[in-house]
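Colleague: This is the structure I want to talk about, given as structure tokens.
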Amino acid sequence: MFLLRDALLALVLLFLFTAPTQARLPEFTELAEKSAPAVVNISSVRVVSGENPMRQFFSPFQRRGGPFDDFFEQFERFFGEQAPTRRSQSLGSGFIISADGYIVTNNHVIRDATEITVNLLDNDNSYTAEVVGRDAETDLALLKIEADRPLPVLEFGDSEQAKVGQWVVAIGNPFGLAHTVTAGIVSAKGRIIGSGPYDDFIQTDASINPGNSGGPLLDMQGRVIGINTAIVASGQGIGFAIPSNMARGIIVQLQENKMVQRGWLGVTIQDLDDNSARALGLTSTRGALIAEVIPDEPAAKAGLRSGDVVISINGQAVVDSSSLLRVVAQQTPGESVKVDVMRQGKKQSITVVLGTRDPERLAQRDAPSPRAGDQETSLGISLRPIDDREARAMGMTRPQGLLVTAVEADSEAARADVRAGDIVMEANQQPVNSIDEFQRVLREDATEKGVIMLLIRRQAQTIFRTIPLE
């Protein structure tokens, strides 16, 4: 009797201690209560110029050289060309980073605003905000309000330590619904969505909608690991946040200098593909290929060359062209950095004193006007030398390179994105200024490698295009 009872008790205890426990979701209430007071609602007003309504009414009749030209000239001279301006209001989010009233948000939330109002959680306190500084390239802005009391704050976390799959919380004002809390996970890191030169977004499925822009993406300790910035309008559960590690340095610069200064190499770059790597004698496509070294800029002064592949800067690995942009931008202008490159299959280290990046440094140049080609090559492209007139039009001191006058449809050159109007400056890193020079490279060097890499000048860009010969 006792043996049976003991056996049954043992089975019950075994079941209790070995039965799988039901998975429990994390508790968000404490995190929301603690963090929400430091999240703000931002309302911005901008003045928008409208078009004269009479011009819109008569728009079907407007065209240059049309019979109503004189009428519209007289009409606009009398009534004015523009309609009265109107006020446009937009809503966004932000979060407080210091007790004395510094607030982080997105640049697009307050861009062109004439009035910026910040509302706190209690809705009893509204403040007029001033723009301390902004950075359009990363879509960040820093505001300042003058409060009569110390304000609650959020601290930045380490976005590099964020793991795909970990829980995150977004707080913001979607569609004007103040202080909405949503939860999800980190879906991916390092996303490039084409919004700017420094794309490196955290992707999350925490619900983000219009009005969330500028709000924080929090880890489970309440630290800001991202600034919610973008959504995929046609998708659900796809939002993007600027990593805190990128934002933190920019915010410091805005707070101290009211502007952002970034390091500048003075090169144009592109990613490596398999064919380009093969043409350069490399076994990997990791790195950023230098297409052009701009004269008199830091890279040129240090001895970097077109065709070099940058693999690291100050020991920090460069995976592709995007990572090179980010690494250089994080450096201080005037700082000396060690740039490791692969040149003709060998690693070299070159010290470069960085300049200051100017987004408008590169002026656009007009593309050459192609005409009938003189000689067709086996690559499916027709080439001819540049003449003196064309060289002067393109700002050259002397004729250089070969003009692509035609590209055969469905050829390897067409698939490699070689276009009519391109200027071929080099073939397999050798200058080509005549058809004979081009054919010699094609015959003696490219045939052996099975690939030819062309350095091409296209309007304002210098790029590489690689054509397999199989």
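The values are calculated or read from the model by the stated rules, or taken from the named source; none is laboratory data. Everything numeric in this text was worked out from a predicted model, so none of it was measured. All Cβ positions, even for glycine, are placed from backbone atoms using ideal geometry, and neighbour counts span all protein chains on display. Quick note on the areas: whole protein, heavy atoms, side chains included, nothing else; ligands and nucleic acids left out. Shrake-Rupley method; radii C 1.70, N 1.55, O 1.52, S 1.80 Å.
Colleague: With part of a loop (DSSP other than H, G, I, E, B) and aromatic (F, W, Y) as the only criterion, which of Y127, Y198 stands out?
Modeller: From the options Y127, Y198, the qualifying one is Y198.
Colleague: A further question follows. Scanning the range 273-285 for residues that are over 15 Å from Q344 (Cβ atoms) and open to solvent by less than 60 Å² (accessible area, probe 1.4 Å), which turns out modelled with the lowest pLDDT?
Modeller: Here the residue is N275.
Colleague: Among residues belonging to the range 124-155 that are touching a helix residue (DSSP H, G or I) at 6+ places or on another chain (Cβ under 8 Å) and of a type in the set (D, E, K, R), point out the one that is surrounded by the fewest Cβ atoms within 10 Å (Cβ to Cβ).
Modeller: Filtering the range 124-155 for residues that are touching a helix residue (DSSP H, G or I) at 6+ places or on another chain (Cβ under 8 Å) and of a type in the set (D, E, K, R), the one surrounded by the fewest Cβ atoms within 10 Å (Cβ to Cβ) comes out as D135.
Colleague: Residue under question is D199, and the condition is that it be within 19 Å of I238 (Cβ to Cβ), touching a residue at least 24 places away in the same chain (Cβ under 8 Å) and among the charged types (D, E, K, R); does it hold?
Modeller: Judged against the criteria, D199 is a match.
Colleague: Looking at T397, T447 in this structure, which one is without any contact (Cβ under 8 Å) to a residue 24 or more places away in the chain, part of a loop (DSSP other than H, G, I, E, B) and hydroxyl-bearing (S, T, Y)? Don't jump to the end; show me each part of the working.
Modeller: Numbers: T447 fails: part of a loop (DSSP other than H, G, I, E, B).
Answer to the selection: T397.
Colleague: Further question on the same structure: Looking at the range 286-303, is at least one residue surrounded by fewer than 16 Cβ atoms within 10 Å (Cβ to Cβ) and farther than 19 Å from T356 by Cα?
Modeller: Looking for residues that are surrounded by fewer than 16 Cβ atoms within 10 Å (Cβ to Cβ) and farther than 19 Å from T356 by Cα, one finds none in the range 286-303, hence no.
Colleague: Right, here's the next one. For the range 177-195, which positions are farther than 17 Å from N41 by Cβ, of a type outside the set (S, T, Y) and in a strand (DSSP E or B)?
Modeller: A183, G184, I185, V186, A188, K189, G190, R191
Colleague: While we're looking at this one, here's another question. Can you find a residue in the range 307-329 that is assigned to a loop (DSSP other than H, G, I, E, B), open to solvent by 10 Å² or more (accessible area, probe 1.4 Å) and in contact (Cβ under 8 Å) with a residue 60 or more places away in the chain?
Modeller: No - not one qualifying residue is present in the range 307-329.
Colleague: Do any residues in the range 244-259 that are under 12 Å from S159 (Cβ atoms) have Cβ atoms under 8 Å from those of residues that are hydroxyl-bearing (S, T, Y) and open to solvent by less than 80 Å² (accessible area, probe 1.4 Å), where the two are at least six apart or on different chains, and which pairs are they?
Modeller: Filtered contacts from the range 244-259: S244/S159; N245/S159; M246/T138; M246/S159; M246/Y198; A247/T138.
Colleague: Which ones in the range 81-123 are exposed (fewer than 15 other Cβ atoms within 10 Å of the Cβ), modelled with pLDDT of 85 or more, of a type outside the set (S, T, N, Q) and part of a loop (DSSP other than H, G, I, E, B)?
Modeller: A99, D100, D112
Colleague: What number of residues within the range 370-405 satisfy the criterion of being modelled with pLDDT under 65 and in contact with a helix residue (DSSP H, G or I) (Cβ under 8 Å, 6 or more places away or on another chain)?
Modeller: 1
Colleague: Got a sec? Which of A206, A241, A247 is crowded, with 19+ Cβ neighbours inside 10 Å, aliphatic (A, V, I, L, M) and in a loop (DSSP other than H, G, I, E, B)?
Modeller: After ruling out the rest, the residue left standing is A206.
Colleague: I'd like the full set of residues that are exposed (fewer than 15 other Cβ atoms within 10 Å of the Cβ) and in a helix (DSSP H, G or I), limited to the range 425-436.
Modeller: Result: D436, single match.
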